[in-house]
Amino acid sequence: MKEASLRAGKGETFMRDLLERGRAPSIDNFLAIAKIVGQPAAYLLGEAVSVDQTELRKVTVGAHVQAGVWTETWEWPEADRYDVYVPDVPEYRTFQLYAAEARGTSMNKRYPERTVLVFTNIHETMEDPIPGKRYVVERRKPSGEAEHTVKLLHLDDDGKYWLIPESDDPRFQAPISIEEGTEDSDTVAIIGRVCFAVSRE
């Protein structure tokens, strides 16, 4: 493990510490592991890799998702935006990718505070909802204000779609019906499917 850690350009205990943590690596550590095995990052995702394949793709983080916070816009000013890099896998190569920071506790079992969620635009991909996947969703009030969050998509035995929070916060435990919205007459819409989550050390 020491030799592998040094090959990655990290400290001597990098691999041991990573294994002991037992959670998904950050994008920086993901790239370090790719360096250890001598393959592009896409190789670790099971993708076929060609010699001329672009290894990384830049995505701009330009918004945030936070349940319970209602605003007119979720997008950030240009000065607050920053870039992250994700593997350039063929599945998403023909689509634009978007990125937003997770804030609050509505999905903290899956995505800690400030995790960057990289997602597609469902109007561009035109794919049907996939149960078991996580989606960025918008819940909009009749007044026009909206909240944006990320939820796990569930299909029940009656063929009804539900958005499920993955949170230990008691305020965010109730599932949301896509078809019916909520009892407050809010409308609910899926914006895009999460395809990468980039965490910070």
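The values are calculated or read from the model by the stated rules, or taken from the named source; none is laboratory data. None of the values given here were measured: they were computed from a predicted structure. Note: ideal-geometry Cβ built from the backbone for every residue, glycine included; neighbour counts use all protein chains shown. Keep in mind that these areas ignore ligands, DNA and RNA; they rest on the heavy atoms of the full protein, side chains included. Shrake-Rupley method; radii C 1.70, N 1.55, O 1.52, S 1.80 Å.
General remarks:
- Formal net charge of residues neighbouring Lys109 (Cβ-Cβ distance under 9 Å; K, R +1; D, E -1): -1
- Rounded if a/c under 1.5, otherwise prolate or oblate - segment 50-171, Cα gyration tensor axes: oblate
- Net charge of the neighbourhood of Arg193, taken over other residues with C-beta under 13 Å away and scored Lys/Arg +1, Asp/Glu -1, is -1.
- Cα gyration tensor category, rounded, prolate or oblate, for segment 99-200 with a/c compared to 1.5: rounded
- What the Cβ-Cβ distance of Ile130 and Glu20 gives, at R0 = 45 Å and to the nearest 0.05, is a FRET efficiency of 0.85.
- Take the convex hull of the alpha carbons in segment 128-173; its mean projected area over all directions comes to 4.4 nm².
- Dipole axis of segment 76-201 (+1 Lys, Arg; -1 Asp, Glu on Cβ), positive-most option in Ala102, Pro175, Gly132: Ala102
- Taking amide H atoms as placed 1.01 Å from N in the peptide plane, the amide H of Ser106 lies under 5 Å from those of Ala67, each 5 or more residues away in sequence or on another chain.
- Radius 10 Å from Cβ of Trp74, net charge of other residues (Lys, Arg +1; Asp, Glu -1): -4
- Accessible surface calculations at 1.4 Å, restricted to protein heavy atoms, place segment 87-196 at 51 Å² per residue.
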